[in-house]
Amino acid sequence: MSLKLPVYLDYHATTPVDPRVFEAMRPYFSEHFGNAASTSHVFGWRAEAAVTKAREALAALVGANPREIVFTSGATESNNLAILGAARARHAPHAHVVTSAIEHRAVLDPCRRLESEGFAVTYLTPDAHGVTSASAVADALTERTVLVSVMAANNEIGTLNPVAEIARVCKERGILFHTDAAQALGKIPLDVHALGLDLVSLSAHKVCGPKGVGALFVRAVNPRVRLDPIVFGGGHERGLRSGTLDVTGIVGFGAAAEIVRAEGEAEARRVSALRDRLWERLLSRVDGLSRNGHPAACHPGNLNVTIPDAPADAVMAEARDLAVSSGSACTSAEAAPSHVLLALGRTRVEAEASIRFGLGRFTTQEEVDWAADEVARAVAKVRARRPR
Ligand SMILES: *Cc1c(COP(=O)(O)O)cnc(C)c1O
């Protein structure tokens, strides 16, 4: 089998749209162009029926009731709606929010925003593996805590958090629990009611669906979660997210959810075996490697490594046909050393010598073997030209 270059191992940033998802979406770009809010004709009815089907598929995947799913433009918007919406609906003097220092920027930035509105926010430092424990959360709760937000799976190091335990601690105190599950969806079992979650952010383009569509699970009973909307308009999505629905994108998200439900478990097993193979192969070819994240509680497609004496940007410049992410450009909009790796105790130099590999649905063994050899070649070259 011949290897096709370039090789994409950056599945945490985004994923290719599954061809089956694309085929499901196609008619909604053309003949089925109706507005799902048009109630007076068949074009609108068809669009609405398609949205309903997608909503049911996504709800079934996460164990929710369809009316608990609010479609958004992505996990960024879902995080904003969950955090700003839940906190503002519970506004009180010195109201308090707990989160972790290694959340995605789409959680940290709304929390900063809340601080400017008078909320107090605690940013928990995780342990050396990136875990935020339920006991750490419990210790941070006060009489004034209204919301806890801790991600299910980290997008840089793949670490999985004990969200069921954190949810239990919150529930005992009557505090809402939100989790950013953009990386967890389809990779680990995610049953919102079994886990006791109140608010869950999801994104289509991390599960081989289209970019620009996401969802927020909003628990409807025990408790019924109230949110202040952040977008106002026509009152779509039960008033929580106004704006004409992206019917095509939502159809794609639904199709992606159906595939994940049928194949997610087998895919996670296959991908984690490839990830382990990549790690072994890198270990045998590159001196001084160390791994970031949790050795066991880890996203199946994630491998984050620190390579001493080999700045990631130099390695990536040398290995042009390999698409991975460096520990300094994780949000790509700005090139600062990763706040995640720094919070784990890595130095700035170590963070900048770290590479994130993200494997997924279409990753092959040939690609993994080539990638390991290519990184080894690039590291040797970078090290050879560094002054000693
Ligand atoms: C990708 C990602 C987001 C942002 O999702 P979008 O749908 O791109 O807005 C948020 N949180 C995590 C953990 C992610 O991996």
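The values are calculated or read from the model by the stated rules, or taken from the named source; none is laboratory data. Quantities reported herein were computed from a predicted structural model and do not represent experimental measurements. Counting neighbours? That spans all protein chains shown, and the Cβs are built from the backbone with ideal geometry, glycine included. The protein model used for the area step is the full one, side chains on, heavy atoms only, and it has no ligands, DNA or RNA in it. Shrake-Rupley method; radii C 1.70, N 1.55, O 1.52, S 1.80 Å.
List of remarks:
- Counted residues, segment 169-200 - those being part of a loop (DSSP other than H, G, I, E, B) and either more than 16 Å from ASN155 (Cα to Cα) or away from the ligand (no atom under 16 Å from the Cβ) (or both): 8
- A count restricted to segment 87-117 and to residues that are at pLDDT 95 or above, of a type in the set (A, V, I, L, M), open to solvent by 10 Å² or more (accessible area, probe 1.4 Å) and away from the ligand (no atom under 16 Å from the Cβ) stands at 1.
- Look at (1) assigned to a loop (DSSP other than H, G, I, E, B); (2) open to solvent by 20 Å² or more (accessible area, probe 1.4 Å); (3) in contact with a His (Cβ under 8 Å, 6 or more places away or on another chain) and you find that PHE43 fails only one, number (1).
- Test: residue in segment 190-200 that is open to solvent by 10 Å² or more (accessible area, probe 1.4 Å) and without any contact (Cβ under 8 Å) to a residue 40 or more places away in the chain: yes
- Residues in segment 251-286 that are surrounded by 17 or more Cβ atoms within 10 Å (Cβ to Cβ), of a type in the set (A, V, I, L, M) and within 15 Å of VAL62 (Cβ to Cβ): ALA256, ALA257, ILE259, VAL260.
- For segment 18-52, filtering for residues that are out of contact with any Ser or Thr (no Cβ under 6 Å at 6 or more places or on another chain) and either within 16 Å of the ligand (Cβ to nearest atom) or aromatic (Phe, Trp, Tyr) (or both) leaves 5.
- Test result for LEU245, within 18 Å of the chain's Cα centre (by Cα), away from the ligand (no atom under 12 Å from the Cβ) and among the hydrophobic types (A, V, I, L, M, F, W, C): no
- Looking at THR15, THR72, just one residue is within 16 Å of the ligand (Cβ to nearest atom) and in contact with a Cys (Cβ under 6 Å, 6 or more places away or on another chain), and that residue is THR15.
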